[in-house]
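Visitor: Take this structure first; my questions come after.
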Amino acid sequence: MEITRENQQKIIDIIRACGDTVRTAHDVESQDGAITVKPGAANFVTAFDMKVQNMLIAQLSALYPKASFFAEEKDNDGACFKDAYCFVIDPIDGTTNFIHDMKCSAVSVALYYDGKPLFGAVYDPYMDEMFHASVGGGAFLNDRPIRVSARLLDKALVLFGTSPYNRDLYGRTTFDRVYNVFMKCADVRRSGSAALDVCYVACGRADAYFEDILSPWDFAAGLLILTEAGGKMTSYKGELPKAGEKTSVLCSNKLLHSEMLQLLNK
Ligand code: IPD
Ligand code: CA
Ligand code: CA
């Protein structure tokens, strides 16, 4: 199954318009009822997450009337990943950054077909950076083809996530792993957007990224962008992510992968 260039462009245009809603949002914390709390530590959802998700579902279902939707701010049936067409959506990845006006968030959309990624796009509306890839078609940042880096560990910039909503379970292990990696690489960074972290490895800005637990919408689009850019994503056990399941995630330029796995499992 392939996706036409025309449909890729239509999906990109829809995501870009949603990004405008994110970029132009103001005073998120001061609007009555704009923020609600979800289960887990410091796990917030804003009225803008809901607005962007509703916009995406309405416009993407006009384009693919038979598609299912697996999206962060709705109830989901994981079985929909096996449907002919299934969109996997994180309307705002980096909600805590968004609430704090940190200007580091993204809209992330993947299109799966028969359980396999067909197309993925991650849009940073603040930088106007659209990362996208189609299966077999390569990965791009706006119109420019992208490729992972060729750096080895001692020169590597390594990104990590803190699994903030599950800090009781993963807080200690995360920072132990960060210490082990930090002692071997050039430096570490924490952005607050998993979707952008994966794309930054894909375009060679960073050389690896890891996080103890992510949900499918955090990495579904990034996974295709990274693999099309020559990179690799596995769990900490070295297994490929399974469609629709939560997992630990290690992304790398491939060259660092086995050394990083050893450090993460030390
Ligand atoms: C979160 C961000 C964050 C990562 C968390 C994710 P959200 O997504 O990607 O960087 O550390 O694990 O859940 O909640 O902002 O969409
Ligand atoms: Ca997310
Ligand atoms: Ca989100």
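Visitor: Output yes when any residue across the range 105-116 is away from ligand 3 (no atom under 16 Å from the Cβ), under 19 Å from Leu60 (Cβ atoms) and in a loop (DSSP other than H, G, I, E, B), and no when none is.
Guide: Yes, that holds for at least one residue.
Visitor: Just one of Glu259, Glu211 is within 16 Å of ligand 2 (Cβ to nearest atom) and in contact (Cβ under 8 Å) with a residue 12 or more places away in the chain; which is it?
Guide: Glu211
Visitor: Now, a different point. Among the residues of the range 49-103, which ones are in a helix (DSSP H, G or I), away from ligand 2 (no atom under 16 Å from the Cβ) and open to solvent by less than 20 Å² (accessible area, probe 1.4 Å)?
Guide: Leu60, Cys80, Phe81
Visitor: Got a sec? Which helices (runs of 4 or more DSSP H) wholly within the range 159-266 have at least 2 residues that are surrounded by fewer than 16 Cβ atoms within 10 Å (Cβ to Cβ)?
Guide: Output list reads 167-182, 257-264.
Visitor: Condition test on Thr46, is it within 12 Å of ligand 1 (Cβ to nearest atom) and β-branched (Val, Ile, Thr)?
Guide: When the stated conditions are applied, Thr46 passes them.
Visitor: Going residue by residue through the range 150-173, is there one that turns out to be away from ligand 2 (no atom under 16 Å from the Cβ) and in contact with a Phe, Trp or Tyr (Cβ under 6 Å, 6 or more places away or on another chain)?
Guide: Within the range 150-173, none of the residues are away from ligand 2 (no atom under 16 Å from the Cβ) and in contact with a Phe, Trp or Tyr (Cβ under 6 Å, 6 or more places away or on another chain).
Visitor: Another question about this same structure. I'm trying to understand the selection: among the residues of the range 1-28, which are open to solvent by 70 Å² or more (accessible area, probe 1.4 Å) and either of a type in the set (S, T, N, Q) or modelled with pLDDT under 80 (or both)?
Guide: Met1, Thr4, Gln9, Thr24, Asp27
Visitor: So which residues in the range 70-84 are at pLDDT below 85 and within 12 Å of ligand 3 (Cβ to nearest atom)?
Guide: Passing the criteria: only Glu73.
Visitor: Kindly check whether there is at least one residue in the range 54-61 that is within 12 Å of the chain's Cα centre (by Cα) and within 16 Å of ligand 1 (Cβ to nearest atom).
Guide: Scanning the range 54-61 turns up no residue that is within 12 Å of the chain's Cα centre (by Cα) and within 16 Å of ligand 1 (Cβ to nearest atom).
The values are calculated or read from the model by the stated rules, or taken from the named source; none is laboratory data. The shown structure was predicted, so the numbers you read here are calculated from the model rather than taken from an experiment. Don't worry about glycine lacking a Cβ; one is built from the backbone with ideal geometry, like all the others, and counts go over all protein chains shown. For accessibility, only protein heavy atoms count, side chains too; no ligands or nucleic acids. Shrake-Rupley method; radii C 1.70, N 1.55, O 1.52, S 1.80 Å.
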